[in-house]
Amino acid sequence: MSDVEVLKALLARLQDKPGFPALSESVAAINEITNSDDQNIDDLAVIISRDVGLTTSLLRVANSASYRAASGKGISTVSRAVNVLGFSTLRDIALTVVLFNQMKSHPSARELKEAFLRAQLAGTLAREAGRLFMPRQAEEVYTAALFHSLGQFLTLLYFPEEAQGIRALIQQQGLAEHGAVTQVLGVDFARLGQAVAEQWHFPTPLVRCLQELPEGIIERPETPEDTLWMLSGFGNEVCASLAANPGQTPGEGLSRLRQRFAQVMAFSGPQLHTLVQKSFDDAKVFASTMGVSLAQSSFAKQVTTWMESDPDDENGQKPSAENTTADALTPASLPKMPKAPSNDAHQMLSTGINKLSHSMVGDFRVDDILRMALDILLQAMDFQRVLLCMRDDKSGYMVGRSGCGKDAAMVVRKFRFPLQDTPNVFQLSIDNGVDLVIKDIADPKIVGKIPPWYRATLSARSFALMPLMVKGKAVALIYCDKQQANSIVITEKELSLMKTLRNQILLAIKQSPTG
């Protein structure tokens with residue numbers, strides 16, 4: 001039989017499997033909304049709310065430590081989750097939960113959870129790397145890496161006899177996975193996954209990411225689609241090395257992997273260690289939220305063991321605080337990449353502004369409007385965090401009021417600075433009503449203008465300031481940041497929309513009882 005005939009037969013068998021049609025319907029519906037030119041977060045909320053199990057699991061994840069900071073308080077409805085966390089984040093949580101919920105009561109649940117933990121870590125690894133290469137498509141990178149193993153998941157879920165046959169060929173005859181899978185199924189995991197992904201309306205670039213990267217040294221990507229594929233493959237290859245069979249050393253595989261990706265992502269052993277550590281922490285939070293115990297996970301144990309010994313460090317030593325920074329991959333070590341198209345940011349800002357305008361018709365809670373507006377900025381421009389500070393003439397300080405993004409709830413409580421201070425960039429912004437982008441706080445030309453309180457509170461190397469002025473006086477200030485230096489790039493169209501969003505925030509403040 002040809003590959004086409006084999007795939008047709010496998011897809012027909014899948015349609016007869018209990019649970020598969022419902023899974024297909026849910027994933028396809030979410031993808032159709034995502035791919036639409038007129039993305040509607042209300043439609044996404046409706047799709048999610050139809051499935052009680054999905055709704056329950058999604059709200060549990062939305063209220064976990066990874067996302068709670070963005071909300072400031074508990075999230076009790078899907079609509080609020082969409083408003084607080086944003087369209088792309090909720091879409092990816094929903095896709096992840098839909099797939100995971102199929103595994104919980106399966107006879108091969110333990111093996112499936114192991115595979116899913118690997119996929120979850122691959123997704124977070126790719127996303128962290130994606131924040132540098134494709135910052136406005138970081139969530140798409142996560143999805144691409146997560147579903148890279150779709151063919152394997154489907155086989156474990158719906159073809160248990162074939163899965164057992166594949167394991168037997170690998171263990172008893174020593175066949176490589178690709179050969180064993182092809183011998184049993186007639187096609188490899190990638191072809192099966194791609195065929196189903198197409199049925200589920202995944203965009204073509206993501207379908208391509210289910211294919212393995214070419215062998216040898218990875219060359220610099222020429223298009224955004226190539227970069228997406230490269231990052232997805234990177235996340236999964238790191239996990240494959242970490243899941244090395246007993247007797248093999250993960251560090252050896254990771255050392256070869258660093259050489260393989262050296263032309264596009266040059267990083268040291270300690271930097272890779274930091275990347276894995278952060279990503280694994282995120283994956284563990286998700287696993288805990290979904291009720292998955294890592295105590296019996298051999299993969300989790302191998303990752304933990306590697307992180308404790310750091311065998312991939314050139315000196316064979318655990319990384320010290322001196323050479324392990326918050327930045328997993330430093331921009332200085334990366335080749336310059338073309339700036340990602342701003343169409344997505346432009347569209348997200350436009351859609352968000354329209355939704356905010358509708359929300360401000362009639363009665364509204366100003367705190368809800370502020371959170372929505374800040375989240376629109378966070379998601380559209382891929383900032384690390386966005387904060388709103390309010391002027392307090394009684395204390396003589398500009399004081400943090402609300403925020404979203406990384407550790408926002410904690411940072412808001414600490415974020416305050418005097419209205420009258422020695423000359424610095426914050427004083428320049430609020431005294432003169434000037435929008436500022438600080439590309440690098442370590443730049444010799446600007447280092448003396450960064451106040452000590454900022455360095456003591458935050459470590460972000462790049463930030464933007466947008467004051468909200470009323471009759472020549474700053475009544476509030478929007479602060480947006482990114483961890484990496486020189487990482488904030490704003491086009492004229494984006495700036496215009498950001499100013500419109502600022503005007504909406506100012507209007508909401510004026511209309512509030514305390515405004």
In the structure shown, of Lys449/Lys499; Lys471/Lys510; Lys355/Lys499, the pairs separated by more than 18 angstrom at the C-alpha atoms are Lys449/Lys499
Distant alpha-carbon pairs in segment 383-474 (separation over 21 angstrom), percent:
27
Could you give P(r) for segment 343-511, binned at 5 Å from zero, as whole percent values over all Cα-Cα pairs?
1, 9, 18, 23, 22, 16, 8, 3, 1, 0
Förster radius 45 Å - calculated FRET efficiency between Glu32 and Met1, Cβ distance, rounded to 0.05:
0.90
Can you compute the charge dipole magnitude of segment 368-515 about its Cα centre, using +1 on each Lys and Arg Cβ and -1 on each Asp and Glu Cβ, nothing else charged? Give it in debye, rounded to the nearest 20.
260
When a footprinting reagent is the concern and you count Cβ atoms within 10 Å, what order do Val366, Val437, Val98 take, fewest first?
Val437, Val366, Val98
Taking Leu231, Leu388 and counting other beta carbon atoms within 10 angstrom, the fewest-first order is Leu388, Leu231
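Given 0.36 nm per residue, what is the gain on full extension from Asp43 to Met410 after removing their alpha carbon distance, in nm? Intermediate values should be presented prior to the final figure.
Values: separation 367, 0.36 × 367 = 132.12 nm, distance 3.23 nm.
Stretched out fully, the Asp43 to Met410 stretch lengthens by 128.9 nm.
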Could I have the simple spin-label model distance between Ser76 and Ala244, label points 7 Å from Cα toward Cβ, reported in nm to one decimal?
5.1
With r as the distance between the Cβ atoms of Ser298 and Gln15 and R0 = 35 Å, compute the FRET efficiency 1/(1 + (r/R0)^6) and round to 0.05.
0.55
List the residues whose amide H sits under 5 Å from the amide H of Cys209, counting only those 5 or more places along or on another chain, with H placed 1.01 Å from N in the peptide plane.
none
Asp392 versus Glu252, label points 7 Å from Cα toward the beta carbon: distance in nm?
6.0
Once you put a point 7 Å from the Cα of Lys471 and another 7 Å from the Cα of Ile446, both along the Cβ direction, what distance in nm separates them?
3.3
Provide the gained length on full extension for the span Glu25 to Glu492, in nm with one decimal, where the gain is 0.36 nm per separating residue minus the Cα-Cα distance.
164.1 nm
Whole-Hz ³J(HN,Hα) from phi, Karplus 6.51 cos²θ - 1.76 cosθ + 1.60, for segment 287-296, glycine and proline x
4, 5, 4, 8, x, 9, 7, 8, 4, 9
Could you compute the FRET efficiency for Leu507 and Gln173, with r as their C-beta to C-beta distance and R0 at 51 Å, rounded to 0.05?
0.15
Ranked list, fewest to most other Cβ atoms within 10 Å of each Cβ, for His201, His178, His358, His273:
His358, His178, His201, His273
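Values in this text are rule-based calculations from the coordinates and carry no lab data. Treat the numbers as computed from the prediction; the structure is a model and nothing was measured. Cβ coordinates were reconstructed from backbone atoms using ideal geometry, including for glycine residues, and neighbour counts include every protein chain displayed.
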